[in-house]
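Asker: Just passing along the structure, written as structure tokens.
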Amino acid sequence: MKLPEKGQLLRIFIGESDKHEGIPLFEWIVRKARESGLAGATVMRGLEGYGAHSRLHTAKILRLSEDLPVIVEIVDTPQKIEAFLELADSAIEEGLATVEEISIKFYRSGNRTP
């Protein structure tokens with residue numbers, strides 16, 4: 001797959017314990033992104049954060065089982081990001097989604113031909 005130089009970055013901020021269709025929401029998002037043919041997705045777990053409810057979520061030693069923040073990042077073309085955002089929107093009950101214009105410098109699998 002080749003990506004154009006100009007793309008978009010979709011960031012979805014959710015909670016680690018959020019679920020959809022019986023599985024963690026972040027897993028559902030990554031699976032659906034892959035099924036939708038998006039270029040790639042990455043899930044990052046936060047150490048601390050808060051959202052719309054202003055409830056602090058932290059990984060302090062005595063609170064390891066708390067609902068930590070999770071960020072899912074997806075990069076692709078504006079058209080594919082917009083289409084995926086419509087699908088994801090219906091699955092996300094609480095969270096935040098942002099979209100940024102980005103410059104794609106390279107996208108490769110390591111299987112380069114000379």
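Asker: In the chain, what is the count of Lys pairs whose alpha carbons are under 30 Å apart, counting only pairs at least 8 residues apart or on separate chains?
Answerer: Eligible lysine pairs with Cα atoms under 30 Å apart amount to 12.
Asker: Mind checking the angle between helix 25-35 and the chain's longest principal axis? C-alpha axes, 0 to 90 degrees, to the nearest 10.
Answerer: Result, in degrees: 10.
Asker: Listing Lys6, Lys19, Lys32, Lys80 from the residue with the fewest other Cβ atoms within 10 Å to the one with the most, what is the order? Write out the running numbers ahead of the final one.
Answerer: Numbers: Lys6 11, Lys19 14, Lys32 17, Lys80 20.
Fewest-to-most ranking of Lys6, Lys19, Lys32, Lys80: Lys6, Lys19, Lys32, Lys80.
Asker: When only alpha-carbon atoms count, how far does the chain stretch along each of its three principal axes, as whole angstroms with the largest first?
Answerer: 53, 30, 26
Asker: Kindly provide the helix-only [θ] at 222 nm of the chain, computed as the sum of -39,500 (n - 2.57) over DSSP H runs of four or more divided by all residues, to the nearest 500 deg cm²/dmol? Provide the component values of the computation, followed by the final result.
Answerer: Numbers: 2 runs with 25 residues, N = 114.
It comes out at -7000 deg cm²/dmol, rounded to the nearest 500.
Bear in mind that the values in this text are calculations on the coordinates, not laboratory data. For clarity, every value in this text was computed on a predicted model and none was experimentally measured. Neighbour counts are summed over all protein chains in view; Cβ atoms, including those assigned to glycine, are modelled from backbone coordinates with ideal geometry.
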